[in-house]
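The values are calculated or read from the model by the stated rules, or taken from the named source; none is laboratory data. Fair warning: this is a prediction, and the values are worked out from it, not measured in the lab. We place every Cβ from the backbone using ideal geometry, glycine too, and count neighbours over all the protein chains shown. Remember, those area values only see protein heavy atoms, side chains included, never the ligands or the DNA or RNA. Shrake-Rupley method; radii C 1.70, N 1.55, O 1.52, S 1.80 Å.
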Amino acid sequence: MNIVLRTFASTALLLAALQPGGASAQSLSCGGFLAGVGESKFSVLNKCGEPVLKDIVCVPRPQVEVIVAPGLRGGGTRQIISQQCVPMEDWTYHRGQGNFLGIVRFYNGAVESVRDGDRVQ
């Protein structure tokens, strides 16, 4: 059981390190409501209104392929790690002068992450 937990923790840390962008905020405060990971686009729109920008982005994600071929050394299998482009949607919210922009990333229609963008001057 201990090995499973350590493997899970190591995998989670690796995936977190591979995430691009700034600091993670986990949720976006919108007029007394919080919009966070797992919520739908409808829910975020209902709580926060229309964003100032909607942008489709290509997020590289590692993908492991196992190739089985007779005659290869090492038992006939090998692993290839490649980057796959995963389309996602970023919504940017302006939170007022002197504050950081709020960026909500959607994957398959649900919030995948919330992070701070640049500070608005």
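Can residue 38 be described as touching a helix residue (DSSP H, G or I) at 6+ places or on another chain (Cβ under 9 Å), at positive phi, open to solvent by 40 Å² or more (accessible area, probe 1.4 Å) and modelled with pLDDT of 70 or more?
no
For segment 47-61, which residues satisfy the criterion of being open to solvent by less than 90 Å² (accessible area, probe 1.4 Å) and not in a strand (DSSP E or B)?
The answer is 47, 48, 49, 51.
Could you check segment 85-121 and list, in sequence order, the residues that are of a type in the set (A, V, I, L, M, F, W, C), more than 22 Å from residue 40 (Cβ to Cβ) and open to solvent by less than 70 Å² (accessible area, probe 1.4 Å)?
120
Output the number of residues of segment 103-121 satisfying the condition of being free of Cβ contacts under 8 Å to residues at least 60 places away in the same chain and outside any strand (DSSP E or B).
Of the residues in that region, 3 qualify.
Could you tell me whether segment 69-78 includes any residue that is within 22 Å of residue 27 (Cα to Cα) and of a type in the set (Ser, Thr, Tyr)?
The answer is no, given that none of the residues of segment 69-78 is within 22 Å of residue 27 (Cα to Cα) and of a type in the set (Ser, Thr, Tyr).
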